[in-house]
């Protein structure tokens, strides 16, 4: 039988190497050996995904690769998650994420969601072409700590400002951080509409979220 | 000088009045002329009228018409949604079978079964392409002697992403590369048929392949899945139309420049996030360069002075390109832009783009 360290390494390597079947096999062996699911996720799967994002940042990996790494990670998560002790989601920092109304380009948003989930945030993904009021409603219902919006198109970027105004009207603006991103978006635009931050890619988005929400 | 005279003068090394200028107008032309986006994509007379109206107002140096990525995707059976407000967007991809989940996160099986029944587009027979051919016919008669006209055939990898879905296509490049190549072959043959159509009207070819971008696929994948097909298309276009292709590439493309400069290009037009000076020094002796005024921060949001400064700065840098320079925007001008901004841009080129 493999040691815990060996299995964790197989989980992590399987994610980095985009090998779903290896991850699934290692996850099952890991559970059969009686090791805690939480460590398998954090020190195996998430470790692998962090290594993948490091490679992405170094331009060794591209979106093609990161998508397949995340597929492998989710295969492992599906196996290990049922064995986690019950944790109330209140303990986690919650974010609402989506592509603003009128736009259907969602790869960037999906990558940001994957990376934020990997970093331990509880993410509520509203998908693409999301009605602007929906961001605000969801943030209120879920008692969210932050809202992430993206768009690739100049025609729809104005919606982000509307969401910020709606958050103000609802009296939520002080307790909800707003992060934005996407092709035509810039720090200058974020400043202009009063968003709390802008990030250029998914790895930066995680750093930004941690900074805005004071997470180590 | 008319744009056509200017182009001839540039090519023959004779004196000419100013640097050529091609702002990318996209659906902004619809906002300008009040024509519905759906009509602009489906009614040949309205397509041609829109092009002529925009050209008459601004006097820029090239008219570009479809089918573009969108028209060829539709000609192959793909679907787009044309909202009353805003830009058209790709509907559920055609080659979806075998895939599950909206984001495709758990899609494993390759779903290319339908590809077996698909035929390349025949531009002579395909109804969707005939619409663009009729617009080309009108423009050949109305504008042919005045301004260069190009037919855009879009980009093969972007068409593939419309037919398959971007995320699935990106996964397929690793998981089932053979199927991606089959799809790319079908698309390339379809685009070649559209090149034949352009040749009939004496028009050149424009291409843009936004999905074949290092933000999505790395240089290795570009070399395998995009370069061979784009090479084939640019060679074929030169052979058939006797004109080189105008290629626009979005995004941070530095890592694929080594491929881009190998194509037979009339110009490589670059995103506004690209350092134009670097393009001029690294690519300028291989291919003509076009670029790269920021369409959002400068054209849409900028003042008259900011537009003039940006135009001047691009021209000062660009005019050092050994194989030639065209002033362009770094991407499409947003449709909500005030039309007077393009007047200002053209004015700045006339003022600042004189040839020394």
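Values in this text are rule-based calculations from the coordinates and carry no lab data. Just so we're clear, the structure is a prediction, and the values are computed from it rather than from any experiment. Positions of Cβ are generated from backbone atoms using ideal geometry, with glycine treated the same way; all protein chains shown enter the neighbour counts.
Assorted remarks:
- The fewest-to-most ranking of B:297, B:117, A:20 by surrounding Cβ atoms within 10 Å reads B:117, B:297, A:20.
- Normalised by the number of residues in the range B:289-340, the average gap of Cα pairs under 8 Å and 6 or more apart makes the relative contact order 56 percent.
- Beyond 36 Å, the tail of the calculated P(r) for chain B holds 17 percent of the Cα pairs.
- Anisotropy class of the range A:89-212 from Cα gyration tensor, a/c 1.5 cut: rounded
- Distance between modelled label sites at residue B:220 and residue A:28, nm, 7 Å Cα→Cβ extension: 3.0
- Nearest-0.05 FRET efficiency for residue B:182 and residue A:133, computed from C-beta distance (R0 35 Å): 0.20
- Cβ-derived FRET efficiency at R0 45 Å, residue B:262 paired with residue B:79, nearest 0.05: 0.85
- Helix axis angle, A:202-212 relative to chain A longest principal axis, alpha carbon, degrees: 70
- Estimated inter-spin distance, residue B:313 and residue A:214, nm [label 7 Å along Cα→Cβ]: 3.9
- Selected from B:295, B:156, B:177 as most flexible by GNM, with chain B as the system and alpha-carbon contacts under 10 Å: B:177
- Where labels lie 7 Å past Cα in the beta-carbon direction, separation of residue A:84 and residue A:60 in nm: 2.8
- Structure-based [θ]222 nm, chain B - -39500 (n - 2.57) summed over DSSP H runs of at least 4, per residue, nearest 500: -14500 deg cm²/dmol
- Degrees between helix A:107-118 axis and first principal axis of chain A (Cα, 0 to 90, nearest 10): 60
- Number of partner chain Cβ atoms within 10 Å, mean per residue of A:58-68: 6
- Once the Cα atoms are used to define both axes, helix A:46-57 deviates from the longest principal axis of chain A by about 60 degrees.
- Note on residue A:170/residue B:53: beta-carbon distance plugged into 1/(1 + (r/R0)^6) with R0 of 35 Å gives a FRET efficiency of 0.20.
- Sequence of B:57, B:128 once ranked by neighbouring C-beta atoms within 10 Å, starting from the fewest: B:57, B:128
- Sorted by Cβ density within 10 Å, fewest first, the residues B:30, B:261: B:261, B:30
- Base-10 log of normalised Debye intensity for the protein assembly as shown (one unit scatterer per alpha-carbon) at q = 0.07, 0.08, 0.10, 0.11 Å⁻¹: -0.44, -0.57, -0.88, -1.04
- Cα gyration tensor, the range A:1-148 - rounded (a/c under 1.5), prolate or oblate: oblate
- Relative contact order for chain A: 16 percent, from Cα pairs under 8 Å spaced at least 6 residues apart, divided by residue count.
- Length available on full extension from residue B:231 to residue B:278: 0.36 nm per residue minus the Cα-Cα distance, which gives 14.6 nm.
- For the range A:4-83, the gyration tensor built on C-alpha atoms gives a prolate shape. Its axis ratio a/c (a ≥ b ≥ c) is at least 1.5, and a/b is the larger of a/b and b/c.
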